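Data block below; observations after.
The values are calculated or read from the model by the stated rules, or taken from the named source; none is laboratory data. Since we're looking at a predicted model, the values are computed, not measured. Cβ placement follows ideal geometry from the backbone for every residue including glycine, while neighbour counts extend to all protein chains displayed. Accessible surface is based on the protein model in full, side chains and every heavy atom, while ligands, DNA and RNA are left aside. Shrake-Rupley method; radii C 1.70, N 1.55, O 1.52, S 1.80 Å.
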Amino acid sequence: MDATTAIVHADQMTALQQLIDGLTDSYWELLVGLLVLVFIWKIGTLLVGKRPLAEHLPLMTALLDVILLPMWVIIISGLLRYALRALELPSLIDPVDWWTDFFVYLTAAWAMGHVVTVVAKQRRRRKNRNEHIPKLIEALLYVTVMLVAVGLFMWQQGYSFTGVWVSTGVAAGVIGLALQRTLGDLFAGVSLGIERPFRIGDWLELPEEKLVGQVVDLNWRATRLRGWDNATVVIPNGRMASASLKNYYSDHHLYAPWYFVNIPAEVSPRFACALLLDAAMRCDSVLKFPNPVVRLSDASKVPYSYMVWVHLKNYPSMFRAREELYREIHLGLQEAGIEVSPEVTEMRTRRAHTNRAEPPTVALALRSLDVAGVLNDDELNQLAARSEYRYFDVGDQILAEGGVSDAFYVIIGGLVDSAIRLPDGSPKVVETLGPGKHFGISEMLTTQQNFLEFIANTDVTLIRIDLDAVRELITKRPELGEYLAGVVKTRLDAADAARVASRRPVRRLSLRDVRDGIERRLRGNRGERRG
């Protein structure tokens, strides 16, 4: 079977050579011109223009190379045969034919390997993947296809793979022993390229090497990392494959660190968590979704330890975000009169400063509301006297959907989700309210059913102001009712999108409807009291 195939292949190559010889005898000037055109084509696709053709249409140029590169070799061979015949050196024609066949296989294999790499890169680009294919993987692909081409060439020439393997086995063993470490790095690089525990562009931490760096290259021998000092560290693939590493991923991957802050045990944990959460929410570098999380992590010793868990857009932004977070925590604790506490032991050589920090009074918290601008000090104190602190844990329902509230709430610490129920019964968060925001005023002052429910996203501290206190203020100052009607109308208009999303019947209220609803609500409460 091998002999028959070799004869057929020899006949095909002889016919091709006779065709080329005929063309060179009659049109050798044309073949030289064609050879120059192929050379100019290749140079042009790689170098000409700000964006060469090989980058603008990579797949088309790669497919053309499959035809043009072997043709280039065949044309050069034909011209060499023509020159040897002209110089009357027929003994050199057979070696030229052998090498022509060999290089035709190699160039065709290289061109097909190039097509495969171009297709792989385009698939990654369509999937919005920014990582590059490691050079080691590309090199292995080219080596594989070219080895296959050499094998096919040897098979076509009638060589036996078994004989070649046996004759070169001893030499291969000696070379393998001499290159043991190099080959180990090569195969370790292959395993890293296949398993892909990291990609080019990822940030790695190697605890054993005491090193943090970004992967810039992975070749057949080593992995290159660029550190924060912009220096390149070269680590052999063998060590890289056996090392324990921590992958922070690329610049497009969220990074979620946590930090610990010590606060004196005299400070209420709810108040401390609210202060730390408020500080984290003020940071521009900290993502608001997912929102920061603050937890009391250790209350078994003094001072108490609190964990602040935040999300950042990537690992390199950690340094700026950490500084900003600590700065805002320092400012928040300083304004509240709290000192970040060192660890305190039972043996003291001096009297330690005792922190007496408490949450702000109700009157002080009410002054942060937007409605505080239309109230005087006496009216704020009147509201404060009829108000109280309320505490809710994460997940608690503060105000149910469809109910009518008899109070409205001011958020002092924590986050509250405003949500609607979709037709399938699942909740959808419309807005997340933070410290200083208030809710429930629309539900308290109108008789319309509430389409929203309010749920504690974190541990929450609220101030509850009941309807009676508001009714007494409106009785004394009717213009305050007009102002509250405007506030309620604005809130109801803002909730229209949520109501439409809930697919429930909606009647849009005018400002007059809101004012009449408030009056009916206040009259109803007065009638109940007289009864």
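Among the candidates Val150, Val119, single out the residue that is surrounded by fewer than 16 Cβ atoms within 10 Å (Cβ to Cβ), at pLDDT 70 or above, within 23 Å of Leu64 (Cβ to Cβ) and under 45 Å from the mean Cα position of the chain (by Cα).
Details: Val150 fails: within 23 Å of Leu64 (Cβ to Cβ).
Checking each option against the conditions leaves just Val119.
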Considering every residue within the range 280-287, establish whether at least one is in contact with an Asp or Glu (Cβ under 7 Å, 6 or more places away or on another chain), of a type in the set (Lys, Arg), under 21 Å from Asn457 (Cα atoms) and part of a helix (DSSP H, G or I). no
Hey, can you tell me all the residues within the range 186-219 that are assigned to a loop (DSSP other than H, G, I, E, B), in contact with a helix residue (DSSP H, G or I) (Cβ under 9 Å, 6 or more places away or on another chain) and surrounded by 20 or more Cβ atoms within 10 Å (Cβ to Cβ)? Phe198
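Rundown of residues vs (1) within 19 Å of Pro316 (Cα to Cα); (2) at pLDDT 90 or above, yes/no style:
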site: Leu183; (1), (2): no, no
site: Ala188; (1), (2): no, no
site: Pro207; (1), (2): yes, no
site: Lys210; (1), (2): yes, no
site: Val215; (1), (2): yes, yes
site: Thr232; (1), (2): yes, yes
site: Pro236; (1), (2): no, no
site: Arg239; (1), (2): no, no
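Does Arg471 satisfy the criteria of being at pLDDT 75 or above, of a type in the set (Lys, Arg), open to solvent by less than 60 Å² (accessible area, probe 1.4 Å) and in contact with a helix residue (DSSP H, G or I) (Cβ under 9 Å, 6 or more places away or on another chain)? Give the steps one after another, and end with the answer.
Values: at pLDDT 75 or above: yes; of a type in the set (Lys, Arg): yes; open to solvent by less than 60 Å² (accessible area, probe 1.4 Å): yes; in contact with a helix residue (DSSP H, G or I) (Cβ under 9 Å, 6 or more places away or on another chain): yes.
For Arg471, the condition - at pLDDT 75 or above, of a type in the set (Lys, Arg), open to solvent by less than 60 Å² (accessible area, probe 1.4 Å) and in contact with a helix residue (DSSP H, G or I) (Cβ under 9 Å, 6 or more places away or on another chain) - is met.
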Hey, among the residues in the range 47-67 that are at pLDDT 75 or above and crowded, with 16+ Cβ neighbours inside 10 Å, which one's nearest to Ala149 (Cα to Cα)? Val66
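Looking only at the range 288-315, which residues are part of a loop (DSSP other than H, G, I, E, B) and β-branched (Val, Ile, Thr)? Break it down into steps so the answer makes sense when it comes.
In the first step, residues of the range 288-315 are kept if they are part of a loop (DSSP other than H, G, I, E, B); the result is 288-292, 299-303, 310-311, 313-315.
Result: Val302, Val310.
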Residue hits (the range 86-109; loosely packed, with under 15 Cβ neighbours inside 10 Å and either under 15 Å from Phe39 (Cα atoms) or among the charged types (D, E, K, R) (or both)) are Glu88, Asp94
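Return yes when Val233 is surrounded by fewer than 19 Cβ atoms within 10 Å (Cβ to Cβ) and either touching a residue at least 12 places away in the same chain (Cβ under 8 Å) or of a type outside the set (Ser, Thr, Tyr) (or both) and no when it is not. Even if it seems obvious, please write down each step before you answer.
Working: surrounded by fewer than 19 Cβ atoms within 10 Å (Cβ to Cβ): yes; either touching a residue at least 12 places away in the same chain (Cβ under 8 Å) or of a type outside the set (Ser, Thr, Tyr) (or both): yes.
Criteria met by Val233.
Can you say whether Gly44 is modelled with pLDDT of 80 or more, in a helix (DSSP H, G or I) and open to solvent by less than 30 Å² (accessible area, probe 1.4 Å), as far as the supplied structure shows? Give the derivation first.
Values: modelled with pLDDT of 80 or more: no; in a helix (DSSP H, G or I): yes; open to solvent by less than 30 Å² (accessible area, probe 1.4 Å): yes.
Considered against the rule, which asks whether it is modelled with pLDDT of 80 or more, in a helix (DSSP H, G or I) and open to solvent by less than 30 Å² (accessible area, probe 1.4 Å), Gly44 comes out as no.
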Go over the candidates Asn376, Asn314 one by one and state the one that is at pLDDT 75 or above and open to solvent by less than 30 Å² (accessible area, probe 1.4 Å). Asn314
Tell me, yes or no, whether the range 252-259 has at least one residue that is open to solvent by 50 Å² or more (accessible area, probe 1.4 Å), over 22 Å from Glu328 (Cα atoms) and in contact (Cβ under 8 Å) with a residue 12 or more places away in the chain. yes
Given the conditions (1) more than 23 Å from the chain's Cα centre (by Cα); (2) open to solvent by 10 Å² or more (accessible area, probe 1.4 Å), report the number of the one that Lys246 does not fulfil. (1)
